[in-house]
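What follows is a single structure, written as structure tokens, with notes after it.
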Amino acid sequence: MGAPELILINASVVTVDDAGSTAEAVAVADGKIAAVGATDEIRALADESTEVLDLAGKTVVPGFIDPHSHITAGAPYIKHAALHTPPVGDTRTVQDILRKLGEARDRNNAQPGDWILGWGYYPDEMDDGGKITAAIIDEEFSEYRVALIHISNHGAVVNGKVLELLEYTAETPDPDGGTIIRTEGSQDPSGEIWEQAFFPLMFQLPPAGEEELRAMAAEYARWGYTVAQDGAADMSAVNLVRESATANPLPIDVKSLVFFPDLQKAIDAKIIGTEVGGHSVHGTKLILDGSPQGRTANVTEEYVTGGPSGETHWHGIAVIDQDETNSLVELAYRNGVQVFAHCNGDASVDQLLTAHRAAVEAGAEAPGRTVPIHSQVMRLDQLDDYVAEDFEPSMFTIHTWIFGDTHVKNFGEERAFGISPMRSAIDKGLHPTNHSDFPVTPMNPLQLMWTAVVRRSTGGTVIGEAQRITPLEALQALTINAAYEYREEAVRGSIEVGKKADFAVLDANPIEADADAIKDIAVVRTIKDGRTVFEA
């Protein structure tokens, strides 16, 4: 081996290898890890051409691997109004929403007919209840197309122009798997839409362009991610990332999951499994139900609080039915496509398991590691099914912090405390990951780790002490387990010789820090394939 191009010395290196090794230094050659060891040992490999980074005791971990988020769906929001409530943002009232919409309009010099978007809308945590309608929005913004995207990304409140665009009127029936909320005392749409009534809006929103995509990729790199997911990409989103990566590789790798309505198109285009400039079309994304905080997750035991329109004996929404799920899973398996499926409630988990078994019984060979995304309000017996069927769950522990108190109201303590059961999954030999679902929640990986360790709500309630995990396990969920989820544990996810030289450099060691200090640890450098792509 020739001299390395880069060495990192005087560091606390958390390798996340099977032995739980630590080290002081790492050498990089040709974008791969060439050696791991003591500072003196690694320093001796350098020559005059080697870049030497003395990290003065800082911590090096594998580059964070995003198990689930939406890089292109989040990209357009960079220019628009963030409506998050505390502790993420400062939106507390309807007047705050209207003010922020006005600021976004002025900042973007919006003209009549242009879009004004708000994202992170969460009325449950607003001081005044957050009740807003198309009529209220139109008092100031009737000339624009306005959409307030619910924090779950499964619903929205829109104004009159958007209702016209969607052709939603008093005569429009609720679509299968969706709900158009009506104005009290009439059939007129109030502006609030959910699930299959909401998804058509997503295809009408202004798409991300290359400028927004690169800005979002830089944002992931800022948080130490070296891989991001595009978790429900239609073919236009796939093509955007592919064309951008072909012209000029992005600073991080991006994995697109083709949204299920476009699965056949992607198969016909023979694009699944291809990789260019760090962009791979990795699998397909199904959506089987909604969100627990929006009360649209599909659960076998009814909600304590009823449905979003006051329904009683409410179990949530199945976005697609069992027959369609069976067909999609079989189509994917027969074409060697890995399946990632949004399953928040235990009924939707059952739906995915049923589809998987039906496809296998029909002779379709599962490509392995089918991923139920979220796996939140699930039953512990379903973890045994995951083990038996080669499923690997991607969980969502930041819900215990931001939405934990709401989940207790919606489901009662027993079910809420078992949400995203990472401890039980690990104890059964699974490799659970932990995700942000950005733009639903912040992408900060140290914050995600902290929520998995403490599982404490904004109200101070521990949301399932029995499901807490260790800091090392929380780090594994965002590194080696995420690589395993993608079936790439041989090439990334830990700091071992021969793997990609992808690192996040932190200002403190999350494995040794006090639990509540983990969320405040900063990323000071991100290295992708041996090159610095972010430096604080």
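The values are calculated or read from the model by the stated rules, or taken from the named source; none is laboratory data. From a predicted model like this one, the values you see are computed outputs, not experimental measurements. Here the Cβ positions follow ideal geometry from the backbone for every residue, glycine too, while neighbour counts run over all protein chains shown. All accessible areas refer to the heavy atoms of the entire protein, side chains included, with ligands and DNA or RNA removed. Shrake-Rupley method; radii C 1.70, N 1.55, O 1.52, S 1.80 Å.
Using Cα centres only, tell me the gap between region 116-155 and region 10-69 in whole Å.
After rounding, the separation between the Cα centres reads 46 Å.
If you average the alpha carbon positions of region 426-502 and of region 366-423, how far apart do those two centres end up, in angstrom?
Here the two parts' Cα centres lie 14 Å apart.
Give the span of region 1-137's Cα atoms along each principal axis, as three whole-Å numbers ordered largest to smallest.
Cα spread of region 1-137 along its principal axes, largest to smallest: 70, 32, 25 Å.
Could you tell me which of rounded, prolate or oblate describes region 95-164, using a ≥ b ≥ c as the square roots of the eigenvalues of the alpha-carbon gyration tensor, with rounded for a/c under 1.5 and, failing that, prolate when a/b is larger than b/c and oblate otherwise?
prolate
Largest first, how would Val304, Val88 line up by accessible area (1.4 Å probe)? Before the final figure, lay out each step's value.
Details: Val304 100, Val88 55 Å².
Ranked list, largest accessible area first: Val304, Val88.
With n ≥ 4 as the cut-off for DSSP H runs, can you work out [θ] at 222 nm for the chain, using -39500 (n - 2.57) per run divided by the number of residues, rounded to the nearest 500?
Values: 18 runs with 159 residues, N = 536.
The helix contribution divided over the chain gives -8500 deg cm²/dmol.
If exposed GluC sites (Glu not before Pro) are those in a DSSP loop with at most 10 other Cβ within 10 Å, what is the longest stretch of the chain that has none?
Within the chain, the longest run free of exposed GluC sites (Glu not before Pro) spans 185-364.
How much length is gained if the chain between Asp268 and Asp90 is pulled fully straight, taking 0.36 nm per residue apart and subtracting their Cα-Cα distance, in nm to one decimal?
59.5 nm
Can you tell me the mean projection area, over all orientations, of the convex hull of the chain's alpha carbons? Units nm², please.
Mean projected area of the Cα convex hull: 24.4 nm².
Counting residues in region 395-478 as N, plug N into 2.2 N^0.38 Å and put the Cα Rg over that result.
Details: Rg = 11.7 Å, N = 84, 2.2 N^0.38 = 11.8 Å.
For region 395-478, the normalised Cα radius of gyration is 0.98.
Can you classify region 114-200 as rounded, prolate or oblate using the Cα gyration tensor, where a ≥ b ≥ c are the square roots of its eigenvalues, rounded means a/c under 1.5, and otherwise it's prolate if a/b beats b/c and oblate if not?
Working: a/c = 1.34, a/b = 1.15, b/c = 1.16.
Note, shape of region 114-200 comes out rounded.
Val387 to Val497: extension gain in nm, 0.36 nm per residue of separation minus the Cα-Cα distance? Walk me through the numbers on the way to the answer.
On the way: separation 110, 0.36 × 110 = 39.60 nm, distance 2.98 nm.
Full-extension gain reported as 36.6 nm.
Relative to 2.2 N^0.38 Å, what does the C-alpha radius of gyration of region 21-72 come to as a ratio? Two decimals please.
Details: Rg = 14.2 Å, N = 52, 2.2 N^0.38 = 9.9 Å.
Cα-based Rg divided by the globular estimate yields 1.44.
Once the whole set of protein chains is in place, how much accessible area is left on Lys32, using a 1.4 Å probe, in Å² to the nearest 10?
Answer for Lys32: close to 90 Å² accessible.
Can you bin region 205-262 into rounded, prolate or oblate? Criterion: square roots of the alpha carbon gyration tensor eigenvalues sorted a ≥ b ≥ c, rounded for a/c under 1.5, prolate for a/b above b/c, oblate for the rest. Don't jump to the answer; show the numbers that get you there.
Details: a/c = 1.71, a/b = 1.44, b/c = 1.18.
It comes out prolate by the Cα gyration axes.
Can you send over the carbon and sulfur percentage of the accessible area for the chain, probe radius 1.4 Å, protein chains only?
47
Between Asp47 and Asp18, 0.36 nm times their residue separation minus their Cα-Cα distance comes to what?
In short, 7.3 nm is gained.
Give the calculated FRET efficiency between Asp323 and Asp188 to the nearest 0.05, with a Förster radius of 30 Å applied to their Cβ-Cβ distance.
Working from the Cβ atoms, E equals 0.35.
In this model, which of Lys79/Lys161; Lys32/Lys79; Lys79/Lys131; Lys131/Lys285; Lys161/Lys255 are farther than 29 Å apart at the alpha-carbon?
Over 29 Å apart, Cα to Cα: Lys32/Lys79; Lys131/Lys285; Lys161/Lys255.
On each of the three principal axes of the Cα atoms of region 271-399, give max minus min coordinate, whole Å, ordered largest first.
47, 36, 25
I need the calculated FRET efficiency for the pair Lys131 and Asp30, taking r as the beta carbon distance and R₀ as 60 Å, to the nearest 0.05.
Numbers: r = 58 Å, r/R0 = 0.97.
Given R0 = 60 Å and the Cβ-Cβ separation, E is 0.55.
Taking the Cα centre as origin and putting +1 on Lys and Arg beta-carbons and -1 on Asp and Glu beta-carbons, what dipole magnitude results for the chain, to the nearest 20 debye?
Computed about the Cα centre, the dipole is about 620 debye.
With an 8 Å cut-off on Cα pairs and a minimum separation of 6 or more residues, tell me the relative contact order of region 129-189 in percent. Could the numbers behind the result be given before it?
Values: 58 pairs, mean separation 15.3, N = 61.
Normalised by residue count, the contact order of region 129-189 is 25 percent.
Just the accessible area for Ser327, please: 1.4 Å probe, Å², rounded to the nearest 10?
70
Can you give me the P(r) profile for region 340-490? Cα pairs, bins 5 angstrom wide beginning at 0, each as a whole percent.
Pair shares across the bins are 2, 10, 20, 23, 21, 13, 6, 3, 1, 0.
Taking R0 as 41 Å, what's the FRET efficiency between Gln204 and Glu512 from their Cβ-Cβ distance, rounded to 0.05?
Once rounded, the FRET efficiency stands at 0.25.
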